[in-house]
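A short write-up of the structure that comes next.
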């Protein structure tokens, strides 16, 4: 029987989503299952590794049952997962510790230690400065929970844990793919290998590190035992998979140098695509990660909660409908766009800082949201326009750094995905601020499709992943052209915004100092 179906499974922070696709990218079935987070004490956020496995099994089983597709028609399966958290297994491939979430900040003292010991070297080798990620978390377990650390045979990602359990791997077969290793503080990203220098310097047992593989490597086949859990046929190939940001970029067709990906979700993420490794040692704003494709890189930065700015404004200040029945949420955003659209670029000198929870790229926890430049003449519409523009200005700052790192870098197109991608005014503003044509892609989910593409490559159905991704996106979505006059108008405003943010950083450092 011809195997013409592919599974992609996205192991997110709070939910797991599985999707079954035909080889041409047609969605056949999808299912979602919540995954709990645990908060045992302040600063600690954990999850159960087995919850990832159980939710993946449930959603895959549901997809097969609802689609009517026979398990024997599935050519392969691949998983992606959240990237900066840390899981572990013991010698029997059972969880050795709870999953230490990327939201968990207990490793903060070790981030400072890493920075003091080798901050610049870590940034140069991995492409990412020390942050809340694998290396500091490993040292936390070693120093603060030594008995648990001793039980660890290998540290793994959720995607590696679920795939390994599905394939019945042994601990010494545990793996991590190359899209995660920028978050390790321990890797030589260009060599796609663990760095003995960093591993020794930071005091990590190298035997606890998994082997590094390509995303489409077949790490095993569905075991007889796991087949019953998932409803899959024993012997179905299991691909290594990749990190969620990397598979989202692949699913969106970000496979050529000069393309940009705007993920307009809860976090507002701007990622570039280059054929050159770049380490942002000077600004520490960009994190450079491997694309799924080994010869491409995805330098990116993000605003924590950037995608929530308009929702926050709506809930806090937008009172157009006071005294009237509350309209639908989509209608509210349309109404907000309608009042902000006539306001001129720059909101007549009003600027907004979108860092309501602190700046992430570069790391500046003291930074907060703020307004500057408002006068008696500024209206609610001006404040809203400034809030909408702020994310675009922050993106322009990231892009300016990328252009400094790669002089002459061509910019082809920015593709926007996520909930905010439906906001036409926001897309138009971002296009003109960045000076890059935008395209709103229409596919409902890019992570699971990116995983399915990897599964197809593992099964031998695609020889060229870039071509397969291109074919699935071709002629998809609305293209948003540039307005040359608005592009010109925004250029000096971007420079003012960047200069203002530098001043803001110093201001908030003063404001955050304890009272004497």
Q) Scanning the range 31-44 for residues that are under 22 Å from the mean Cα position of the chain (by Cα) and without any contact (Cβ under 8 Å) to a residue 60 or more places away in the chain, which turns out farthest from residue 85 (Cα to Cα)? A) 31
Q.
Among the residues in the range 156-167, are any surrounded by fewer than 24 Cβ atoms within 10 Å (Cβ to Cβ) and either more than 27 Å from the chain's Cα centre (by Cα) or not in a helix (DSSP H, G or I) (or both)?
A. no
(Q) List pairs: first residue in the range 126-155 and at positive phi, second residue part of a helix (DSSP H, G or I) anywhere in the structure, Cβ distance under 7 angstrom, at least six positions apart or on different chains. (A) 127/182
Q. Within the bounds of the range 382-403, is there any residue that is under 18 Å from residue 338 (Cα atoms) and out of contact with any helix residue (DSSP H, G or I) (no Cβ under 8 Å at 6 or more places or on another chain)?
A. no
Q. Does the range 245-260 hold any residues that are in contact with a helix residue (DSSP H, G or I) (Cβ under 6 Å, 6 or more places away or on another chain) and surrounded by fewer than 24 Cβ atoms within 10 Å (Cβ to Cβ), and which are they?
A. 255
Q: Can you tell me which residue within the range 180-196, out of those that are in contact with a strand residue (DSSP E or B) (Cβ under 8 Å, 6 or more places away or on another chain) and over 18 Å from residue 137 (Cα atoms), is surrounded by the most Cβ atoms within 10 Å (Cβ to Cβ)?
A: 189
(Q) Just to be sure before I move on: is residue 450 surrounded by 16 or more Cβ atoms within 10 Å (Cβ to Cβ) and within 17 Å of residue 393 (Cα to Cα) in the structure I sent? (A) no
Q: Filter the helices (runs of 4 or more DSSP H) completely within the range 241-344 down to those with at least 1 residues that are at pLDDT below 90 and not assigned by TED's automatic domain parsing to the domain that holds residue 422.
A: 309-316, 329-340
Q: Report the residue count in the range 47-61 for those that are buried (at least 18 other Cβ atoms within 10 Å of the Cβ) and touching a strand residue (DSSP E or B) at 6+ places or on another chain (Cβ under 8 Å).
A: 8
(Q) If I filter the range 100-112 for residues that are outside the structural domain of residue 221 (by TED's automatic domain parsing), buried (at least 18 other Cβ atoms within 10 Å of the Cβ) and part of a helix (DSSP H, G or I), do I get at least one hit? (A) yes
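Yes or no, residue by residue, for (1) more than 27 Å from residue 76 (Cβ to Cβ); (2) free of Cβ contacts under 8 Å to residues at least 12 places away in the same chain; (3) touching a helix residue (DSSP H, G or I) at 6+ places or on another chain (Cβ under 7 Å):
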| site | (1), (2), (3) |
| --- | --- |
| 405 | yes, no, no |
| 412 | yes, no, no |
| 426 | yes, no, yes |
| 441 | no, no, yes |
| 463 | no, yes, no |
| 467 | no, yes, no |
| 485 | yes, yes, no |
Q: With the condition kept exactly as written, say whether any residue in the range 197-210 is out of contact with any strand residue (DSSP E or B) (no Cβ under 7 Å at 6 or more places or on another chain), closer than 27 Å to residue 17 by Cβ, part of a helix (DSSP H, G or I) and modelled with pLDDT of 95 or more.
A: no
Q: Being buried (at least 21 other Cβ atoms within 10 Å of the Cβ) and at negative phi narrows it down to one of 424, 466, 459, 471, so name that one.
A: 459
Q | Matching option when the condition is modelled with pLDDT of 95 or more, surrounded by fewer than 21 Cβ atoms within 10 Å (Cβ to Cβ) and in contact with a strand residue (DSSP E or B) (Cβ under 9 Å, 6 or more places away or on another chain), among 172, 177, 229 | A | 172
Q. Do any residues in the range 372-395 that are in the same structural domain as residue 336 (by TED's automatic domain parsing) and free of Cβ contacts under 8 Å to residues at least 60 places away in the same chain have Cβ atoms under 7 Å from those of residues that are part of a loop (DSSP other than H, G, I, E, B) and surrounded by fewer than 24 Cβ atoms within 10 Å (Cβ to Cβ), where the two are at least six apart or on different chains, and which pairs are they?
A. 373/350; 374/350; 378/350; 381/343; 382/343; 382/350; 385/343; 386/350
**Q.** Enumeration of residues in the range 62-84 that are in contact (Cβ under 8 Å) with a residue 24 or more places away in the chain and out of contact with any strand residue (DSSP E or B) (no Cβ under 8 Å at 6 or more places or on another chain)
**A.** 65, 70, 71, 72, 84
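The values are calculated or read from the model by the stated rules, or taken from the named source; none is laboratory data. Keep in mind that what you see is a predicted model, and the values were worked out from it rather than measured. FYI the Cβ positions are ideal-geometry reconstructions off the backbone, even for glycines, and counts take in every protein chain you see.
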